1. Can you tell me which residue is surrounded by the fewest Cβ atoms within 10 Å (Cβ to Cβ) among those in region 26-76 that are in a helix (DSSP H, G or I) and in contact (Cβ under 8 Å) with a residue 40 or more places away in the chain?
2. Considering every residue within region 203-221, establish whether at least one is surrounded by fewer than 20 Cβ atoms within 10 Å (Cβ to Cβ) and touching a Leu at 6+ places or on another chain (Cβ under 6 Å).
3. Condition first: assigned to a loop (DSSP other than H, G, I, E, B), at pLDDT 95 or above and of a type in the set (D, E, K, R). Can you find one or more residues in region 125-137 that meet it?
4. Of the residues ARG107, ARG161, ARG116, only one is surrounded by fewer than 18 Cβ atoms within 10 Å (Cβ to Cβ), touching a residue at least 12 places away in the same chain (Cβ under 8 Å) and within 29 Å of GLY202 (Cβ to Cβ); which?
5. Failed condition for SER125, given (1) surrounded by 21 or more Cβ atoms within 10 Å (Cβ to Cβ); (2) touching a Gly at 6+ places or on another chain (Cβ under 6 Å); (3) small (Gly, Ala, Ser); (4) under 19 Å from ASP114 (Cβ atoms), with all others met?
6. Quick one: would you say SER142 is crowded, with 20+ Cβ neighbours inside 10 Å and among the polar types (S, T, N, Q)?
7. Residue pairs, Cβ under 8 Å, 6 or more apart or interchain, first in region 125-140 and touching a residue at least 60 places away in the same chain (Cβ under 8 Å), second of a type in the set (Ser, Thr, Tyr) and assigned to a strand (DSSP E or B). List them.
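The values are calculated or read from the model by the stated rules, or taken from the named source; none is laboratory data. Keep in mind the model is a prediction, meaning the values are calculated, not measured. All Cβ positions, glycine included, derive from the backbone under ideal geometry; neighbour counts span all protein chains shown.
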Amino acid sequence: MHTRTGITLVWLTVGAALAAGCDIEAESRSAEGSFERTLRVNGPVDLDILARSGRIDVRVGEGDAVRIVGRIRAYGSDFLLGGLGGAYTAEEQVKSLESSPPIEQDRNAIRVGDLRGPVFASNVSISYTVTVPADTRLRTSSRSGDQTIEAIQGPVVASSRSGRIQVGRVAGDVEIETRSGQVEVRLPSDGGARLDVETRSGAIDSEAPIVVNRRRAHRTVAATIGGGGRRVEVRTRSGSIRIR
């Protein structure tokens, strides 16, 4: 019995060492970089931002420019298509993104984060910090990266799988959808809003007086705060929702 226990411990130790070695190897294959672009605009902006696991931060800046800062982390990619194989190092991924960032502009319509082609098929994460004019209409989508959106005119449509979404002081309508990510909405100082909120298993918390209705396994809120006005719609599966 003692001998078998000793063997088990040895194998566990070796397994842990191998796992740690894999982590070190993966980390050693990674590469980081960044890019920055300033796009001139004239009038209200329509902005789309897509992300995988990177963060999205949107804030107000100049009235005639959209400034995009991207922080890249890459791990190398293997790509197979039609029987043809290709491999790209982390450094190659970073260099390609730095020289040609995933940014498209058509006048005041801007699209950020649409990664295409085999070099970006996998193992690339970009976090975006975007400074926009106040008069911006925004759509964002991420997998696991957190999102923070502050003080724009809106409307705002934001979605995520598991990342947290924080929206603060948006003047227009807000529509948010997540699977398990937490949601926090901070209303502008006038506080008026029409709420339409639903979660399957997450908590709903509001600093304004609301009534939480239970419908089958769901928790829902349909309420008017203050004088109403902007529409705030939130849908989650298991994420909690906070209205401030």
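1. Per the criteria, the residue is ALA26.
2. There is at least one residue in region 203-221 that is surrounded by fewer than 20 Cβ atoms within 10 Å (Cβ to Cβ) and touching a Leu at 6+ places or on another chain (Cβ under 6 Å).
3. Scanning region 125-137 turns up at least one residue that is assigned to a loop (DSSP other than H, G, I, E, B), at pLDDT 95 or above and of a type in the set (D, E, K, R).
4. Result: ARG161 is the single residue among ARG107, ARG161, ARG116 that is surrounded by fewer than 18 Cβ atoms within 10 Å (Cβ to Cβ), touching a residue at least 12 places away in the same chain (Cβ under 8 Å) and within 29 Å of GLY202 (Cβ to Cβ).
5. With (1) surrounded by 21 or more Cβ atoms within 10 Å (Cβ to Cβ); (2) touching a Gly at 6+ places or on another chain (Cβ under 6 Å); (3) small (Gly, Ala, Ser); (4) under 19 Å from ASP114 (Cβ atoms) applied to SER125, the lone miss is (1).
6. Taking the combined requirement at face value, the residue satisfies it.
7. THR140/SER159
For (1) in contact with a helix residue (DSSP H, G or I) (Cβ under 9 Å, 6 or more places away or on another chain); (2) outside the structural domain of GLU184 (by TED's automatic domain parsing); (3) within 25 Å of ARG169 (Cβ to Cβ); (4) among the charged types (D, E, K, R), each residue gets a yes or a no:
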| position | (1), (2), (3), (4) |
| --- | --- |
| ARG52 | no, yes, no, yes |
| ASP57 | no, yes, yes, yes |
| GLU91 | no, yes, no, yes |
| ASN108 | no, yes, yes, no |
| ALA134 | no, yes, yes, no |
